[in-house]
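Working notes, beginning with the structure itself.
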Amino acid sequence: MGAFLASRRLVAERLTEMVGYRAGLAIMESDFLASLDRHGYPHLYPPRKAGTVRMRSEAYEIMSRCVADSFVQPGALRAMRSLADRVHDRLQDEELAWQVLGFIDTVLTLGTEQERASLETLEERGRQLLRFMQMDTQPPAARRRLRETAQRWHGDALAAAIDAVFEVEDFRDASNPWKRWARTVKWSDVVKLADLFTSDSVTASYGRFFDQRFVPFLVSNYEELAAIHWRKFEALVAEHFHRAGFRVELGPGRNDNGVDIRLWESGPATDGEAPPLVIVQCKRERRKISKVVVKALAADVAWEKARTGLLVATVDWSPGAREVVRTRNYPVEEVNREAVQAWLTVMHTNNAGLWLPS
């Protein structure tokens, strides 16, 4: 790649504009500086008082991918690595990874008319030739040919591995910063990243309670979860259950008598509303949940005549809290930091790439 003349202001404008356009998220210079620092590349940003500097295209791509990784597409920086590394990560099977890469190279280079190569031959070809391989984007017809030939030669495992290679290459292509103007939705507005930490609003343009544009940031910067506004944490939990198909009532936030969220099975509300199926207490904490909190939730479950209580927290329960639930058989369940992280991952992928509103 070449180089171009750039200033600190020009780089800042390009990076913030990319995030605003592709993700509908307004960030500040301090936000993407934190991203560069977290990924280990703060030295690439032009220093203050440097004026115009000659910046290599590779350096700008790394910065762009750091910022995209943090605010737009988690994994964008890792997608810079070789195809072999990314396929190994995806398949978690070293032999199969080398076999599928050797197979792709064999078919694309030699065609499908030659004598069928053994898996051992394909693996050896992959190991010897393809350690730093990148693959050009293949049209649908070529993909079908590769998959059908893999299926015919070696069965389901290699055919499925072909699909995995396409997935990782498609992600690399989609996260390419040189395609920064490519986006799949025209945002109706722009939301400030700072609102995630300062605003108590539970209305969202892209989501029912929690705006989807915050989700990639939390997936990539999960350590920030405990720092977001407590009301935004409640909205995040409500959004998870809304997407899971429950009818959700998010409480007023203050003076809610300890019940942040009520859940019913899907369907419209009725006169003489039945007791909620589940009541939820949200705790955005840094210390472990004490047994006093758990006992209070159990009392609320009994009062509300609910079936279960969920305590969703950014931390684990204390041993004492778990013990009192076990010994008294309280209908209360723990949803800890790891579980919330899994929720966020699902909210981001929704089984088929980036979730977008219908």
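Laid out as a table, the results:
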item	result
Dipole-positive endmost among VAL237, ALA269, LEU193 within segment 182-305 (Cβ charges, Cα centre)	LEU193
Gained length - LEU108 relative to ASP316, 0.36 nm times residue gap less alpha-carbon distance	69.8 nm
Amide hydrogen neighbours beyond the local backbone of LYS192, cut-off 5 Å, H modeled	ALA26
Cα gyration tensor, segment 214-358 - rounded (a/c under 1.5), prolate or oblate	oblate
Residue of GLU124, GLU239, GLU169 that the Gaussian network model of the chain assigns the largest fluctuation, springs spanning Cα pairs under 10 Å	GLU124
Per residue solvent-accessible surface (Å²) - segment 204-341, probe of 1.4 Å	48 Å²
Most mobile listed residue (LEU277, LEU310, LEU108) in the chain, GNM with C-alpha springs under 10 Å	LEU108
Mean separation of Cα contacts under 8 Å, 6 or more apart, over the residue count of segment 218-356: relative contact order %	20 percent
Gained length - ARG328 relative to ARG254, 0.36 nm times residue gap less alpha-carbon distance	23.7 nm
Residue-level accessible surface for TRP230, protein heavy atoms, 1.4 Å, Å²	80 Å²
Distance between segment 1-49 and segment 239-254 - C-alpha centres, whole angstrom	36 Å
Only Lys, Arg (+1) and Asp, Glu (-1) charged, at Cβ; segment 229-358 dipole about Cα centre in debye	520 debye
Segment 1-104, accessible area per residue, ligands and nucleic acids excluded (1.4 Å, Å²)	45 Å²
Listed candidates [x] 63, 45, 41; [y] 73, 59, 40; [z] 69, 54, 36 - label of the one calculated as Cα extents along the principal axes in Å	[y]
Point-charge dipole on Cβ atoms (K/R +1, D/E -1) for the chain, about Cα centre, debye to 20	1000 debye
GNM result for the chain, Cα springs below 10 Å: residue of PRO74, PRO47, PRO140 fluctuating most strongly	PRO140
Under-5 Å amide H pairs with LEU277, H placed in peptide plane, nonlocal only	LEU263, TRP264, GLU265
Pairwise FRET efficiency - PHE4 versus ARG247, Cβ, R0 = 56 Å, nearest 0.05	0.55
Under-5 Å amide H pairs with GLU333, H placed in peptide plane, nonlocal only	GLY309, LEU310, LEU311
Qualifying aspartates and glutamates (Cα of each under 14 Å from Cα of LYS192; at least 8 residues distant if same chain)	GLU17, GLU29, ASP31, ASP200, ASP211
Portion, in percent, of the accessible area of the chain that falls on carbon or sulfur, probe 1.4 Å	50 percent
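The values are calculated or read from the model by the stated rules, or taken from the named source; none is laboratory data. For clarity, every value in this text was computed on a predicted model and none was experimentally measured. Here Cβ is always computed from backbone atoms with ideal geometry, including for glycine, and neighbour counts include all displayed protein chains. Just so you know, the surface numbers come from the protein's heavy atoms only, side chains and all, with ligands and any DNA or RNA stripped out. Shrake-Rupley method; radii C 1.70, N 1.55, O 1.52, S 1.80 Å.
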